[in-house]
1. Please report the spacing between the Cα centers of the range 71-148 and the range 1-55 in Å, no decimals.
2. Starting from the Cα of ILE2, step 7 Å toward the Cβ, then list every residue of the range 100-140 with an amide N under 12 Å from that point.
3. Using 0.36 nm per residue of separation minus the Cα-Cα distance, give me the extension gain between SER11 and PHE23 in nm, one decimal.
4. Using semi-axes √(5λ) of the Cα gyration tensor in Å as the read-out, say which of (i) 25, 18, 13; (ii) 33, 16, 12; (iii) 20, 20, 17 was calculated from these coordinates.
5. Show me the three semi-axes of the equivalent ellipsoid for the range 36-85, from the C-alpha gyration tensor (sqrt of 5 times each eigenvalue), largest first, rounded to whole Å.
6. Might you tell me the accessible area per residue for the range 1-115, computed with a 1.4 Å probe and given in Å²?
7. So, counting K/R as plus one and D/E as minus one, what does the shell of residues with Cβ under 10 Å around PHE23 add up to?
8. Rounded to the nearest percent, how much of the accessible area of the chain (1.4 Å probe, protein heavy atoms only) is carbon and sulfur?
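The values are calculated or read from the model by the stated rules, or taken from the named source; none is laboratory data. Fair warning: this is a prediction, and the values are worked out from it, not measured in the lab. Ideal geometry is used to build each Cβ from the backbone, glycine not excepted, and the neighbour counts take in all protein chains shown. These area figures cover heavy atoms from the full protein model, side chains too; ligands, DNA and RNA do not enter into them. Shrake-Rupley method; radii C 1.70, N 1.55, O 1.52, S 1.80 Å.
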Amino acid sequence: MIIVYDDPGLSTKNITIWDGFQFFGFGASDNFTVTNLLTPASGAFQTQAGYFGFDGESSSTGDFVNINGSALSNALNPSNNTLNGTISEFGVDVGGRNPNFNYSWAVDSDVFDATGLVPNSATSANITLGSSSEGIWGGVFVISNVIA
């Protein structure tokens, strides 16, 4: 279940969701295009990207998430082990779970600052999820662009 809500106190965003539930890995990638994006025609804007997937191993490297050819990464999700069983927002573990393991039974639910990876006037973005050493189930991918 994906929930999108309106908060008048926050900036206006265009939120696009890809729900594909695809298996990839062991050297193969899952390539798809997120469509129906809306980004400002000019000027800087903030982009956030998030995904939910299964079976990413913290001990196996070689997996990645790219937007338009650029790797997503942060303090908890390095570019060569992005799908590593973390639940995080902008590189910080989202605690308060019960049980609250560092390794979340191979479930990944991460949000990244992807500012600059989607250009002005974009209507789509190319996404690649891949792994050279493990099999992973990609579930949901979300892109949020501030538009006002």
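1. Each part reduced to its Cα centre gives a spacing of 10 Å.
2. Within reach of a label on ILE2: 139-140.
3. Result for the pair: 0.8 nm of gain on full extension.
4. Given (i) 25, 18, 13; (ii) 33, 16, 12; (iii) 20, 20, 17, the structure-derived one carries the label (i).
5. Taking √(5λ) for each eigenvalue gives 26, 11, 9 Å, largest first.
6. Roughly 57 Å² per residue, with all protein chains present.
7. -2
8. The value for the chain is 54 percent carbon and sulfur by accessible area.
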